[in-house]
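Beneath this line is the structure, given in structure tokens, with notes to follow.
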Amino acid sequence: MGLDAAQTLHRNHNPYIIAPQPTQCRRLLCLLFSNHNKFMTKALIEIPLSIPLVVRCLNADAPPREFIQSVSRLMEGPVDICGAYEVIDLNLLVSKIRGSYFSTSTPLKTQETTALKWAEAWNSYVSYVCTASHLASSWNDVLQTSTLCCRPILFNSIFDGSTSDRILDKNGVINILRMILTRLNKKTETHSIDSTEGASGDLEASVVLPLGVSVLNLVGLISDISNYNLEENKYPKPHENKCHEEGFYFDDEDLVEIAQLIAGAIEVCSYGGSSIKAHHDERAASLSLALSMILSENALIAGRLPLPSNLANSFRVYGIPAGRHLSRLAGLSLCQDDCGDGLKGTSICLAARSGLSSILTYFEKQSLGDSGSNSDNCFLSQIFTDQIYHQKGSSTLGKLIQLLASFDTDVSSILEKIASCEHGTELIYQSGVTQSVLSSAKQYLNDIASSSDGDAEMERVNYGSVVIGPPNFLFGHLSLLNIMLSSSCNASIMQGILIDVAHILQLYFPLLERLIISYPRDNHFLLQFMACLYMTSSGLNRFNRSTADSNLWTSFGTGSPKDKSIDFVNVFGKDLSNRLERRVADLVYHLSEFPFPSHLLPTLPPQLRTLRRSRLSQMKHSSASLSDGRSWWDLIMHITENNQSSSTSLKSNTLLPDPPTGSSDINSLERFSRKLGRPEINGNGWSEQNYFHASASAQCLEVCVMFLCSQLSVSRSNLHLDTLSLSIGLCRCADASRAIEDRLKIIQNSEEHEISGLFGMTSLTHVAGTKDSLSFQIKNIEKNALMSLGPIFGRCTENLLYLSYTYTLRRLGGNPQDDKFELAATIMPALE
């Protein structure tokens, strides 16, 4: 059974299905797994795994490939066992040789003897592979069926509360897993074929492949048992875990031993030998997924790091070589033929990246607080050790980075993991990661320009008739750049990163502008863009020519010799910078004014309403009026229906009370039952998904305001802001922040029966459970959402106030009296 089939079986199994004849099933399981019989362990020992010595006869005097194909036939026997194997028809071989198939000067008798000897060796080898691989596959099938489909009987006292004797306990599971991995870790096995003793020294890939799948399923079994009856991904503790009380608690020594055995087995996959390479890679993929279950986030060991030094050091010996091999498999392209056989090759590549990511996570957490680490002796340098001896692009890390330019949509995730590790950003930057992202940007734009009017289509406003979305690979590229910009590395490397990122943002400016105009469509892309813009702007503004690398600065060729500042305007370009600032400012005005749907917002203070009407009335040649509350919220329902994202689809649609939007909203919980059924937000009530949209908007608003604040520090920036719009946004954010704080106090102080009473009149019958359980669910959903949203609005309020005040001070040199009046007339009412 291959990797894909194993994943499907594990995903679809139901461990609580009871066998039709449980007594007979229990007897059979006792025969297979009990300490008295141990049939499975005995059978495992007898399965031959190594490449037999007979293969040495196949390395010399081999007939031409065309001749071998002409005399081959399917192996005789049951089709489901022998149908995939081909042997040589000896009679046909002799007949063709005697028919002067070869046109050489070698005597006919010698040709016949040599060819027959080679053909007999080949048939013997094929017979061995067929027999051994089906023995291993059958053993794996029995193990999977027993552990996945017979759990209530095999582990009865764990899963159904039975007090009868357990057939298989923790030690039994560990012993089986240890035996499999010990055999997979051996570089030599001794078996004989046709009385030829000894071994070639390599594992036969097609034979040991099912055992790799067995490891994956057993580690999954350990994970299921360890997390049984635990909530919120909390790891078991000896005094509170039922599994521990009954002898099923897997301690650190158990898990580290399993992890290092799996890592050692992965290293053995790199030896390859004369077997089929793809089978070795598929086994490495199964083992990689098993290792991820133990090491990665929310896995078995992750909650226990850092481990004691003796356990950590024992795994490091095995983990580093395993990481090197997985880095080679992770560097295979998903878009090209080097990934192997279609979907199977893609699965191998993705599994290797998962395993490599888990190893990096483990070493990064384990090395926290290690002051003796540097870029030369850190675990990254040891895993990507060939980086020292190869030029850019030829090492395993270089191949990973090159995949960015080939639009691999997944490789950025493993590079993000590397960049987030200590010294990781320096390592991948020196390997050319920003240049690869820059190359992909240029190639993407060239592809658009080469199409019929592609570049014109990007610039065109289609009034909604044509929707042009960002490329799929771009989100990962932006996320990677943001992690690099937020890392701590030396000044010269950070300057180089900032300059390269500014180049990249320049190329993507038309797309960025389109994203701002079309908000909230693809708002997750815009958030990544704006975070990248802010960190680039603030980073560049921290440097000046006296401290910056002159070679980096001259790459843009801007600025005068007397101008010593190196900032975003000079690097990005004055025209594009001014245009970008205006777009971002417009978005800030709108998002801050409508943090929630307009019909839920409280009335603005009278002074702000008066100032707004006064400004509109001053327009002499154009008519202007306020809208009826239309905003970006009106576009949300249409967008989510046509482009469901994974993040929003996971949110609950349980009806919730209206969000707290202002000081007049203190009694909104009581109003919830009265407002039930009122059409809201395109006919739907407020839900967790709406909180998700509000939070995404608030996050985008926060980073946009931070970008404008950064731009105010640039003397050449011509940033012009509307203080009235800023004041309205400040009022909305401040009011929402206070209201959320008040609502949280009510929720935290309320008792369960009080909340239940408030919802007594509702008819939320689509949610299972009693009134108390329903109210508890609603209370937790709302509380979690508000605890996430409230701090964002608080920071937005603070940043908007800073932006307004700093902007006003900057303009005092022009017309101070007017500015002072505007500040007092707009900002102060917003804060009342």
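Pulled fully out, how much extra length does the chain show between H134 and Q430, if you take 0.36 nm times their separation in residues and subtract their Cα-Cα distance?
Full extension of this stretch gives 101.7 nm more.
Could you check the simple spin-label distance between A491 and R27, using points 7 Å along Cα→Cβ, in nm with one decimal?
That separation, rounded to one decimal, is 8.2 nm.
Of the peptides 320-332, 37-49, 428-440, how do they stack up when ordered by the mean number of other Cβ atoms within 10 Å, highest first?
The most tightly packed comes first, giving 320-332, 428-440, 37-49.
Among 24-30, 135-141, how do they line up from the highest to the lowest mean number of other beta-carbon atoms within 10 Å?
In decreasing order of mean packing, 24-30, 135-141 become 135-141, 24-30.
Take the residue pairs K42/K186; K38/K344; K42/K170; K745/K779 and return only those whose Cα atoms are more than 23 Å apart.
As for pairs spanning more than 23 Å Cα to Cα, those are K38/K344.
Can you give the FRET efficiency for N35 and D447, using 1/(1 + (r/R0)^6), R0 = 56 Å, r = Cβ-Cβ distance, to the nearest 0.05?
For R0 = 56 Å, the calculated efficiency reads 0.30.
For every other residue with a beta carbon closer than 13 angstrom to the beta carbon of A419, add +1 if it is Lys or Arg and -1 if Asp or Glu, then tell me the sum.
Once positives and negatives cancel, what remains is -3.
Let's test the formula: R0 of 60 Å, r as the Cβ-Cβ distance of N313 and A62. What FRET efficiency results, to the nearest 0.05?
With a Förster radius of 60 Å, E is 0.80.
Bear in mind these aren't lab numbers, they're just calculated from the coordinates by the rules spelled out. In this text, all values refer to a predicted model and were calculated from it rather than measured experimentally. Using ideal geometry, Cβ is built from the backbone for each residue, glycine included, and neighbour counts are taken over all protein chains shown.
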